[in-house]
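To keep things clear, I will list the structure first and then write my remarks on it.
The values are calculated or read from the model by the stated rules, or taken from the named source; none is laboratory data. Keep in mind that what you see is a predicted model, and the values were worked out from it rather than measured. The area values use the complete protein model at the heavy-atom level, side chains included, leaving out ligands, DNA and RNA. Shrake-Rupley method; radii C 1.70, N 1.55, O 1.52, S 1.80 Å.
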Amino acid sequence: MSLLGMEAKQVREPLRSVAVENMSLLNRNAKTSDIEPSRKKSDAEGFLIPVVLLVLMVMIVMMGAAPMVTSVAEDKIQRVFEMLLASATPLELIAGKVLASVGCSLTGSVFYVVGGILALQGVAMLGAVNFALLPWFFLYLILQVTILSSMGAALGAACSTPRDAQSLTQFIVLPVMAPLMVFLPIIQQPNGLFATAFSFFPPFTPLVMMLRQATPGGVPAWQPWVGLIGILLWTAAVTWGASRIFRVAILMQGQPPRVAELLRWAVRG
């Protein structure tokens, strides 16, 4: 039997399925300048490693930043800040709270990262770890915790009751949980339009950009640096506004917080 003058076996051969293996890119050895051969990538590198890094960062950020709202609100309700303001400025108080939160998060992250590396080494999977991502991981972690802790301190200062603090915690949880809910399409198409645009939106940049960088193939080299500039500017703006809200709200009592009023305090002080 022939098709357009071709035998059936000639048609089947070009159309037959072939086995495809997920391989790494060729690398140049920095010391010898030799081209190193590619290697077969495991399923862990394509899915497990990015998800583990995302979940780890979410967990550490939540442990470090989420309690800030209720902590500051409780101190305000018990009038602790009224005594502390005799020896420190509002800016010094909020800075101390944020630095303590960052220090706690870094301590926990070092413990988990080192423990994970040792565990992978024990099961002969150390090659799955991209050590070049670790500096980015800790940098994103510091910035994310700084932003959310500053927001938490400002929101906690505006609360007069524990109920107010519980209702405002959602503003701290949202920037962390949103990337977690859409991680699957980001992993499937890390350089697609949705993932790329989402990673440049400052409230979500640390988590989304970290997730994209951890996927096989990574991202273009310029994108993490542009995202870093955006998140640094966002960090400066948020911490500046949070300090102004904290200064106004910390001594106010009996007034439920309103979003419009908080924004006015952030702009006008």
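Computed values, structure above
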quantity: Spatial separation of Cα centroids for the range 117-157 and the range 60-87, in angstrom; calculated: 24
quantity: F131 accessible area, 1.4 Å probe, all protein chains in place, Å² to nearest 10; calculated: 100
quantity: Distance between the range 169-220 and the range 89-111 - C-alpha centres, whole angstrom; calculated: 25
quantity: The range 161-236: relative contact order in percent, alpha carbon pairs under 8 Å with at least 6 residues between; calculated: 26
quantity: Shape call, the range 94-219: gyration tensor on alpha carbons, a/c limit 1.5; calculated: oblate
quantity: For the range 158-224, alpha-carbon Rg over 2.2 N^0.38 Å; calculated: 1.39
quantity: Of all accessible heavy-atom area on the range 112-269, the percent that carbon and sulfur account for (1.4 Å); calculated: 71
quantity: For the range 139-269: relative contact order, % (alpha-carbon pairs under 8 angstrom, 6 or more apart); calculated: 36
quantity: Difference of contour (0.36 nm per residue) and Cα-Cα distance, V80 to A100; calculated: 5.5 nm
